[in-house]
Amino acid sequence: MPGRRKTLMLVDPHSLFRRTVAMVARELDLADIREVSTIESAQRQLEHEAFDALLLDIGDGLASLSLMQNLRSGALRSAADMPVALTAEAVDAATLALFKPLQVQRVMLKPFKVKTALEVVSALTGAADRPGH
Amino acid sequence: MLAAPIPANDAERLQALRELLILDTPPEQRFDRIVAFARQEFEVETVLVSLVDADRQWFKAKLGLDACETARDISFCGHAILQPEILVIEDARADARFADNPLVTGPPFIRFYAGAPLAPRPGLRVGTLCLLDPRPRRLDATDLAILGSLRDLVQAELLGQRPLES
């Protein structure tokens with residue numbers, strides 16, 4: 001449907017960060033955000049529901065890597081080429097190399113501002129290209 | 001200096017404030033973490049959850065300020081509760097209401113102020129989540145939306161709605 005607000009799953013353990021990003025994204029008409037606190041919960045929800053974009057905290061790396069591989073293989077309800085950005089407390093080169101073939105648009109190292117996260121949400125959902133943005 | 005005006009509904013407003021049972025209570029992590037988050041997001045020197053009592057503003061949460069209260073008549077928040085929208089003073093020295101305010105001419109030397117009113121009931125604004133800085137600042141639409149959302153979270157906590165429980 002042209003012009004509809006896109007849906008984005010935000011996976012992050014920090015509730016204040018999640019809540020603020022979700023509230024502001026809705027107010028600024030950037031996206032409808034589903035807040036998820038764990039990768040395990042994200043996996044379960046993505047098995048049953050499609051989203052337009054994903055902003056994913058990679059945690060220790062292993063579970064999020066598995067989720068990304070499932071997504072890109074078409075095993076989840078969302079499009080296999082769904083735009084994805086990653087966030088991380090820290091990430092080493094070896095971990096980054098594992099994610100590199102999985103078409104990640106951006107990796108954001110914490111701490112970063114809500115404002116920066118909103119710019120990424122806007123880019124992932126294409127909100128920046130819609131009239132009025 | 002324009003002393004903070006007293007709104008016509010002040011008695012009702014003060015009743016709403018007292019019904020929250022929060023004045024003069026100890027610091028609480030649920031408010032402190034929102035204040036800390038706002039300070040990091042906006043990179044300002046001071047962030048407060050300020051409640052405007054009859055003759056004072058008292059701080060339920062504070063970062064960057066030692067005082068636990070100041071007089072209402074010199075408070076910026078006493079002005080902010082007069083309107084539902086966020087009050088932004090980009091440079092207090094250039095604003096006739098505040099230029100010779102003792103909080104501007106003396107410590108903490110406020111230049112920038114942004115106060116988002118807290119209204120536990122419609123029209124009854126009991127205080128603010130506010131940002132203070134000794135440098136002039138501007139907020140854009142995204143900044144205002146972020147401050148407004150953080151204010152909504154403080155307000156929900158005031159009402160016992162626990163919006164940040166996972």
From DSSP H assignment alone, runs of 4+ in chain B each adding -39500 (n - 2.57), the sum over residues rounded to the nearest 500 puts [θ] at 222 nm at -9000 deg cm²/dmol
The ³J(HN,Hα) series, computed from each phi in region B:116-124 with the Karplus coefficients 6.51, -1.76 and 1.60 at θ = phi - 60°, rounded to the nearest Hz and given as x for glycine or proline, is 9, x, 9, 10, x, 9, x, x, 10
Over chain A, the sum of -39500 (n - 2.57) across DSSP H runs of at least four, divided by residue number and rounded to 500 deg cm²/dmol, gives at 222 nm -12000 deg cm²/dmol
Here the membrane-span-like helices of chain A, with no claim about any membrane, defined by DSSP H, Cα axial extent at least 24 Å and mean Kyte-Doolittle at least -1.0, are none
So for region B:106-166, using the alpha carbon gyration tensor with a ≥ b ≥ c as root eigenvalues (a/c under 1.5 gives rounded; past that, a/b versus b/c decides prolate or oblate), I'd call it prolate
Quick numbers on region B:34-94, Rg and Dmax over C-alpha atoms in Å, give 11.9, 31
Counted neighbours (other Cβ, 10 Å), sorted fewest up, put B:Thr142, A:Thr20 in the order B:Thr142, A:Thr20
Sorted on mean Cβ neighbours within 10 Å (highest first), peptides B:48-55, B:114-121, A:89-96 come out as B:114-121, B:48-55, A:89-96
Long-range amide H partners of B:Arg56, meaning residues 5 or more apart or on another chain whose placed amide H is closer than 5 Å, are B:Arg72
Per residue, the convex hull enclosing the Cα atoms of region A:7-127 spans a volume in Å³ of 86
The answer for B:Leu65, listing residues at least 5 apart or on another chain whose modeled amide H is closer than 5 Å to its amide H, is none
Across all Cα atoms of chain B, Rg and the largest Cα-Cα distance (Dmax), in Å, are 14.5, 46
Counting other chain Cβ atoms within 10 Å of each Cβ in A:8-16 and taking the mean gives 2
Taking every C-alpha to C-alpha distance in the protein assembly as shown and binning by 5 Å from 0, the per-bin percentages run 1, 5, 12, 15, 15, 13, 11, 9, 8, 6, 4, 2, 1, 0
Pairs over 32 Å Cα to Cα, from A:Lys6/A:Lys110; A:Lys100/B:Lys62; A:Lys6/B:Lys62, come to A:Lys100/B:Lys62; A:Lys6/B:Lys62
Mean per-residue count of partner chain Cβ within 10 Å for B:135-148 equals 3
Ordered by fewest other Cβ atoms within 10 Å, a rough proxy for footprinting exposure, A:Met108, A:Met9 read A:Met108, A:Met9
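Computed from the coordinates by the stated procedures, all read-outs in this text should not be read as laboratory data. This is a predicted model, so every value here is computed, not measured. Ideal geometry is used to build each Cβ from the backbone, glycine not excepted, and the neighbour counts take in all protein chains shown.
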